[in-house]
Amino acid sequence: MPTPILSLTARRLDVPMNKPFGIAGGAQVEAKNVLVELRVRGASGWGEGAPFPAFNGETQEQVLAACAVVAPQLEGVDLDDDDAIRERVRATCGGSPSAACAVETAVFDARARLLGTSIRAMLGGAEDELVTDVTITTGTVEDAAREAGAFAAFGTLKIKVGGGDVDRDVARVLAVRAARPEARILVDANGGLSVDDAVRFAAGAARARIELFEQPVAPGDWAALAEVRSRTGLRVAIDESVTVADDVTEARRRGAADAINLKIMKSGVFEALAIARRARDEGLVRMIGGMVETRLAMGMSANIAAGLGGFTYVDLDTPLFLAVDPFEGGYAQDGERIDLRPIDAGHGARPRRPA
């Protein structure tokens with residue numbers, strides 16, 4: 001029997017941060033997100049949109065506007081009708097991927113809650129736990145060294161570079177290596193380097209033993225990515241360059257990437273699942289990450305990664321940068337370990353009740 005969607009509402013979700021989250025394109029000083037509730041008879045599903053203007057220019061106002069447009073289009077649609085939901089979301093949220101993510105997360109959450117199971121189990125239940133890296137954001141050499149030591153509970157450190165002085169970024173990465181000689185080091189330029197600067201950075205930081213070089217150059221130029229990959233000899237991951245599954249095939253065809261960083265916030269949930277399947281089929285390494293998100297959206301991504309299994313890199317750390325947690329339930333975290341077994345249904349997160 002069909003389960004018609006009764007309503008979808010969206011409101012602002014503003015969350016203070018402990019410190020700015022800086023990338024090559026700028027810094028997020030407050031998480032200005034959007035909380036979506038999708039209601040069906042017998043359950044509510046919750047979703048989060050987390051626009052990051054420094055990443056792709058998307059804003060909270062755009063997410064709210066897109067949600068207002070898509071809401072009446074979904075009323076009466078069967079909750080289990082993938083094609084109808086995707087068609088309406090694409091038609092109304094095409095310019096706001098975070099809105100698409102929020103709506104589709106709420107759809108999956110409502111489905112799983114009605115079934116009394118977790119999204120992880122619904123997607124296959126391959127794993128119970130994940131191990132995440134932690135991000136060292138843009139800043140000074142001293143900041144990088146101090147944070148590397150402070151994050152002793154994390155075996156993998158992801159360092160943001162690009163958008164500034166290449167020599168300083170080299171010094172930052174080497175300082176992290178000196179502080180944490182045993183750690184795995186990933187670097188992420190968020191498209192903030194030229195080809196020549198990426199090659200110069202890689203050469204200067206060679207002693208740091210970088211394991212993964214993420215989005216070294218701006219998206220849109222497969223040849224530039226392939227050149228960085230060839231000239232540095234590093235494993236290259238793409239992030240901004242992959243938003244749909246066909247991008248994975250093109251990256252493979254052009255020799256532009258070894259790994260794919262999929263994010264529900266830039267693709268929506270349905271397309272992120274398609275990207276994960278395509279990366280597996282193309283033989284590329286899979287990574288999952290996010291924007292500046294609370295445990296709701298991070299929990300959705302964690303359910304995807306653990307449900308499907310086989311993700312080499314997990315970058316689900318931004319709730320650690322928030323000053324408050326507006327949700328209860330969901331996964332449990334101890335240092336780098338994310339445990340999904342406490343989730344009772346859906347992605348597990350629910351807005352906290354007022355005191």
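Among the residues making up the stretch 317-355, those that are assigned to a helix (DSSP H, G or I) and out of contact with any helix residue (DSSP H, G or I) (no Cβ under 8 Å at 6 or more places or on another chain) are L320, F321.
What number of residues in the stretch 137-161 are modelled with pLDDT under 95 and crowded, with 21+ Cβ neighbours inside 10 Å? Of the residues in that region, 1 qualify. Only a single criterion out of (1) part of a strand (DSSP E or B); (2) closer than 19 Å to E48 by Cβ; (3) in contact with a helix residue (DSSP H, G or I) (Cβ under 7 Å, 6 or more places away or on another chain) is not satisfied by V292, namely (1). State yes or no: is A110 more than 23 Å from the chain's Cα centre (by Cα), hydrophobic (A, V, I, L, M, F, W, C) and either closer than 20 Å to I264 by Cβ or in the same structural domain as V244 (by TED's automatic domain parsing) (or both)? So A110 does not fit the description; no. Could you tell me whether A237 is touching a strand residue (DSSP E or B) at 6+ places or on another chain (Cβ under 9 Å) and in contact (Cβ under 8 Å) with a residue 60 or more places away in the chain? Yes, satisfied.
Of everything in the stretch 1-52 that is surrounded by fewer than 23 Cβ atoms within 10 Å (Cβ to Cβ) and in contact with a Gly (Cβ under 7 Å, 6 or more places away or on another chain), the residue that is modelled with the highest pLDDT is P4.
Taken residue by residue, the stretch 157-170 has no member that is more than 19 Å from the chain's Cα centre (by Cα), in a loop (DSSP other than H, G, I, E, B) and within 27 Å of R337 (Cβ to Cβ).
Being hydroxyl-bearing (S, T, Y) and crowded, with 24+ Cβ neighbours inside 10 Å is the filter here, so list the residues in the stretch 300-312 that pass it.
Across the stretch 300-312, the qualifying residue is only S301.
Within the stretch 209-223, how many residues are surrounded by 20 or more Cβ atoms within 10 Å (Cβ to Cβ) and not in a loop (DSSP other than H, G, I, E, B)? Reasoning before the result, please.
So in the stretch 209-223, the residues surrounded by 20 or more Cβ atoms within 10 Å (Cβ to Cβ) come out as 210, 212-217.
Adding the requirement that they be not in a loop (DSSP other than H, G, I, E, B) leaves 210, 212-214.
Residues in the stretch 209-223 being surrounded by 20 or more Cβ atoms within 10 Å (Cβ to Cβ) and not in a loop (DSSP other than H, G, I, E, B): 4 in total.
In this structure, is R277 more than 24 Å from P20 (Cα to Cα) and not aromatic (F, W, Y)? Show your work before the answer.
Details: more than 24 Å from P20 (Cα to Cα): yes; not aromatic (F, W, Y): yes.
Criteria met by R277.
Scanning the stretch 23-44 for residues that are in contact (Cβ under 8 Å) with a residue 40 or more places away in the chain and either under 14 Å from R11 (Cα atoms) or assigned by TED's automatic domain parsing to the domain that holds G268 (or both) turns up A31, N33, V34, L35, V36, E37, L38. Applying the criterion of at least 1 residues that are out of contact with any strand residue (DSSP E or B) (no Cβ under 6 Å at 6 or more places or on another chain), of a type in the set (S, T, Y) and in contact (Cβ under 8 Å) with a residue 24 or more places away in the chain to the helices (runs of 4 or more DSSP H) found wholly in the stretch 81-146 leaves 82-93. Set side by side, the residues D281, D317 differ, and just one is among the charged types (D, E, K, R), outside the structural domain of T59 (by TED's automatic domain parsing), in contact (Cβ under 8 Å) with a residue 12 or more places away in the chain and farther than 25 Å from V199 by Cα, which is D317.
So in the stretch 304-316, with the set limited to residues that are in a loop (DSSP other than H, G, I, E, B) and in contact with a helix residue (DSSP H, G or I) (Cβ under 8 Å, 6 or more places away or on another chain), which one is farthest from G124 (Cα to Cα)? Full working, then the answer.
Of all residues in the stretch 304-316, those in a loop (DSSP other than H, G, I, E, B) come to 309-312, 315-316.
Now drop any that are not in contact with a helix residue (DSSP H, G or I) (Cβ under 8 Å, 6 or more places away or on another chain), which leaves 310-311, 316.
On the way: G310: 12, F311: 14, L316: 20 Å.
If we take residues in the stretch 304-316 being in a loop (DSSP other than H, G, I, E, B) and in contact with a helix residue (DSSP H, G or I) (Cβ under 8 Å, 6 or more places away or on another chain), then L316 is farthest from G124 (Cα to Cα).
The values are calculated or read from the model by the stated rules, or taken from the named source; none is laboratory data. These numbers were taken from a predicted model, which means no experiment stands behind them. Ideal geometry is used to build each Cβ from the backbone, glycine not excepted, and the neighbour counts take in all protein chains shown.
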